[in-house]
Amino acid sequence: MLVKGKHYRTIWQNPGNLNSVFIIDQTKLPFSFSVKELKNFKDTAKAIERMQVRGAPLIGVTAAFGIYLAALEARSMKSDIKKTIRFISDASKILSQTRPTAVNLFWAIENSLNKIKTALTAGEAVSISLANAQKMAEDDVQVCEAMGMNGLELFKLLYREKKLKRLNILTHCNAGWLATVDYGTATSPIYKAFESGMDLHVWVEETRPRYQGGKLTAWELGEMRIPHTIITDNAGGYVMQKGLVDVVITGSDRTTLNGDVCNKIGTYKTALAAADNNIPFFAAVPVSSFDFNIKDGINEIDIEERNSNEITVTEGLQGKLIRKVKIFPEKSPVKNFGFDITPSRLVTGLITERGIIHPRKSEIKKLK
Ligand code: MRU
């Protein structure tokens, strides 16, 4: 998507030098747009862990590039194929320990390792893992575009049925192009609708504690000149009660076979408020974000707990300097849960690249 009018993806390589990978350092947004080079698999693992790259689909694609960088490292050590595979499999263990919740990370690693198994030399492991990472990135763009087109049909339907003059969408966290390679999942239908000339407005929940809504989604929408308003997470229910929301759309880090949606902490409360106000709640879920092996989201998904500093310390711009300030009593214990589960009964539908489906096993298992 566009940054100051120039097209960017969230991850790319320079055609003349494929020995490294570039990302947008998302921890610096919205105050500065900074590009970071990842030179080896450890850089990649750190970038995922520190959330310089984040969002389920992008975490997966970045890990696939991490495996490619590991293959390059193994080749540069003149390893035979046995040692190469061992090195890559050790690297993949480190990559898989970076963040526990988004299933795309494990999906991408498993997918890459399965492909590399056929390599006979370190050189082949390099070319297979590169082709695989590049394909995952390209596929992600196409998948997000397809979800956008499917979501656009839904928006058109709502527009007609409710005889709207303007469609008001509410979203939580960042399921935008920054969370994928391009277009986003939940934001892709928004971009498609805006491009098609539909009058729309987006309520952006700020998304405590890391503010992916206020910092990232709002920045993205602003760069695309899409009308939007940031609200606190607590205000979502209020704007719904006031009739100011027509549809809620979020992303998902892992959706179970029964249609439970695991997404950024706070999504469940937003879905509860939507149900109470008869507002449709959709999650945009690429097939890569389904976990077909589990049914019960609440009991079976490993929910990431992050450092309490993310809650007790807040950061912002003062003049030209980024300042960090403590905001709570130092001795009070804090828990920082990263995600929650929205049970399928609160989900109206799942927007996938293959169409919009109901959140139930009979429909989800057909995607496998
Ligand atoms: O902790 P994050 O910023 O990686 O969480 C991101 C989300 O929860 C997104 O909504 C989710 O990954 C879907 S992204 C298209």
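The values are calculated or read from the model by the stated rules, or taken from the named source; none is laboratory data. Predicted, not measured: the structure shown is a model, and the values here were computed from it. Neighbour counts are summed over all protein chains in view; Cβ atoms, including those assigned to glycine, are modelled from backbone coordinates with ideal geometry.
Per-structure values
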quantity	calculated
Asp140 vs. criteria within 16 Å of the ligand (Cβ to nearest atom), of a type in the set (Asp, Glu), buried (at least 19 other Cβ atoms within 10 Å of the Cβ) and not in a helix (DSSP H, G or I)	no
Filter pass, Glu223 being away from the ligand (no atom under 16 Å from the Cβ) and modelled with pLDDT of 95 or more	yes
Residue within region 325-335 that is touching a Phe, Trp or Tyr at 6+ places or on another chain (Cβ under 9 Å) and modelled with pLDDT of 95 or more present	yes
Condition check for Lys46: in a strand (DSSP E or B) and either closer than 29 Å to Ile265 by Cα or assigned by TED's automatic domain parsing to the domain that holds Cys262 (or both)	no
Residue match in region 245-255 (condition: away from the ligand (no atom under 11 Å from the Cβ), free of Cβ contacts under 8 Å to residues at least 60 places away in the same chain and not assigned by TED's automatic domain parsing to the domain that holds Ile59)	no
Residue, nearest to the chain's Cα centre (by Cα), within region 220-256, restricted to residues that are buried (at least 21 other Cβ atoms within 10 Å of the Cβ) and among the hydrophobic types (A, V, I, L, M, F, W, C)	Ile249
Members of region 68-117 found to be in a loop (DSSP other than H, G, I, E, B), hydrophobic (A, V, I, L, M, F, W, C) and surrounded by 16 or more Cβ atoms within 10 Å (Cβ to Cβ), listed by number	Ala102
Restricting region 80-108 to residues that are of a type in the set (A, V, I, L, M) and over 30 Å from Asn263 (Cβ atoms), the residue that is nearest to the ligand (Cβ to nearest atom)	Ile88
Verdict on Ile298 being more than 13 Å from the ligand (Cβ to nearest atom), at pLDDT 95 or above, touching a strand residue (DSSP E or B) at 6+ places or on another chain (Cβ under 6 Å) and part of a helix (DSSP H, G or I)	yes
Criterion: in the same structural domain as Trp203 (by TED's automatic domain parsing) and either out of contact with any Lys or Arg (no Cβ under 7 Å at 6 or more places or on another chain) or in contact (Cβ under 8 Å) with a residue 40 or more places away in the chain (or both) - qualifying residue of Phe155, Phe106	Phe155
Residue list for region 177-189, restricted to those being more than 10 Å from the ligand (Cβ to nearest atom) and in contact with a Leu (Cβ under 7 Å, 6 or more places away or on another chain)	Val181, Pro189
Qualifying residue in region 308-319 (condition: surrounded by fewer than 10 Cβ atoms within 10 Å (Cβ to Cβ), hydrophobic (A, V, I, L, M, F, W, C) and farther than 23 Å from Val103 by Cβ)	no
